[in-house]
1. Taking the range 158-205, which residues are under 22 Å from L147 (Cα atoms) and assigned to a loop (DSSP other than H, G, I, E, B)?
2. Output yes when any residue across the range 165-178 is modelled with pLDDT of 95 or more, under 15 Å from D104 (Cβ atoms) and in contact with a strand residue (DSSP E or B) (Cβ under 7 Å, 6 or more places away or on another chain), and no when none is.
3. Can you tell me which residues in the range 149-164 are within 12 Å of the chain's Cα centre (by Cα) and in contact (Cβ under 8 Å) with a residue 12 or more places away in the chain?
4. Does Q179 satisfy the condition of being within 13 Å of the chain's Cα centre (by Cα) and in contact (Cβ under 8 Å) with a residue 40 or more places away in the chain?
5. Given the conditions (1) at pLDDT 95 or above; (2) on the phi > 0 side of the Ramachandran plot, which single one is not true for L116?
6. Any residue at all in the range 128-148 that is of a type outside the set (A, V, I, L, M), free of Cβ contacts under 8 Å to residues at least 24 places away in the same chain, over 27 Å from K209 (Cα atoms) and in a strand (DSSP E or B)?
7. Considering only the range 180-227, how many residues are of a type in the set (V, I, T) and farther than 23 Å from A94 by Cα?
Amino acid sequence: MSSCRGLIRSARPRQKPTSTFTPAPTVARSSNPRTARSPPPPTFDPTSLRARFIPFQSPHKTAGRAKMSWNKVLEDYARLKKPERELPPGVFVAATRRTTTIFDGFEKAKFHLLILPREPFELEGGSTLSGPALSSLSQLLKSPYALQVLKELQSQAEEVKDMIRDEMEKEYGWSWGVQAGFHAVESMRHVHLHVISTDFLSPKLKNKKHWNSFHPTLGYFLHLSDVIAAVEASKNPLVRALSGSASLSRLN
């Protein structure tokens with residue numbers, strides 16, 4: 001092969017090479033990294049949701065050091081004025097005027113996020129809702145403003161579902177079910193809406209209680225759409241679910 005290349009070269013008349021290369025204009029580089037030019041940021045976060053995830057870290061502090069107040073960590077998050085700055089990237093997902101979306105620190109599926117109503121919650125007309133009314137779903141349902149909060153959570157849940165489906169398509173090439181709802185028996189203070197993929201593949205899904213609490217038809221997982229429909233019909237969606245809560249708590 002090398003001899004053939006030599007023959008081809010010798011058969012061609014020698015010509016003085018001419019350059020068609022046009023050098024790019026020189027751009028002055030600043031020695032100051034703050035003023036140096038940099039490429040524009042991407043319009044989306046290229047890091048996958050699951051790669052960004054880290055376990056919960058409570059911002060609640062006592063005696064000058066961080067303290068994990070387990071059952072009120074969501075309440076801490078909901079009260080942050082600037083969650084996009086105060087929460088680690090591996091906890092924070094998104095924020096609106098009325099909601100904060102975070103990763104569930106104990107995910108029970110490949111994609112598992114929580115949407116929290118921010119506290120104080122801004123109501124229509126300029127007033128706010130805070131305190132006991134946002135401490136749990138059962139307390140929220142006693143409030144005359146329950147529907148406003150639920151509708152806001154529903155609006156954000158649709159965006160989060162789209163975000164999850166987009167991640168599914170990018171990572172796996174297809175998408176599957178995503179459900180949004182509440183636990184009838186909550187383990188943490190503050191209203192929180194679960195948005196979770198229905199694969200339920202996670203090393204943290206360890207026992208029957210975990211599985212049943214997210215099962216779509218057993219009644220312990222209250223679908224957001226059903227809760228809203230019940231409130232609109234002046235019914236309490238927790239009555240039937242709570243009647244079976246004792247049996248759920250005995251599972252392990």
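1. Of everything in the range 158-205, those that are under 22 Å from L147 (Cα atoms) and assigned to a loop (DSSP other than H, G, I, E, B) turn out to be A184, V185, E186, M188, R189, H190, V191, H192.
2. Yes, that holds for at least one residue.
3. Answer for the range 149-164, where residues must be within 12 Å of the chain's Cα centre (by Cα) and in contact (Cβ under 8 Å) with a residue 12 or more places away in the chain: Q156, A157, E159, V160, K161, M163, I164.
4. Considered against the rule, which asks whether it is within 13 Å of the chain's Cα centre (by Cα) and in contact (Cβ under 8 Å) with a residue 40 or more places away in the chain, Q179 comes out as no.
5. Result: L116 fails condition (2) only.
6. Within the range 128-148 (the criterion being of a type outside the set (A, V, I, L, M), free of Cβ contacts under 8 Å to residues at least 24 places away in the same chain, over 27 Å from K209 (Cα atoms) and in a strand (DSSP E or B)), the answer is yes, since at least one residue qualifies.
7. Summing the residues that are of a type in the set (V, I, T) and farther than 23 Å from A94 by Cα in the range 180-227 gives 3.
The values are calculated or read from the model by the stated rules, or taken from the named source; none is laboratory data. None of these values were measured; they are calculated from a predicted model. When we count neighbours, we look across all protein chains shown, and the Cβ atoms used for this are built from the backbone with ideal geometry, even at glycine.
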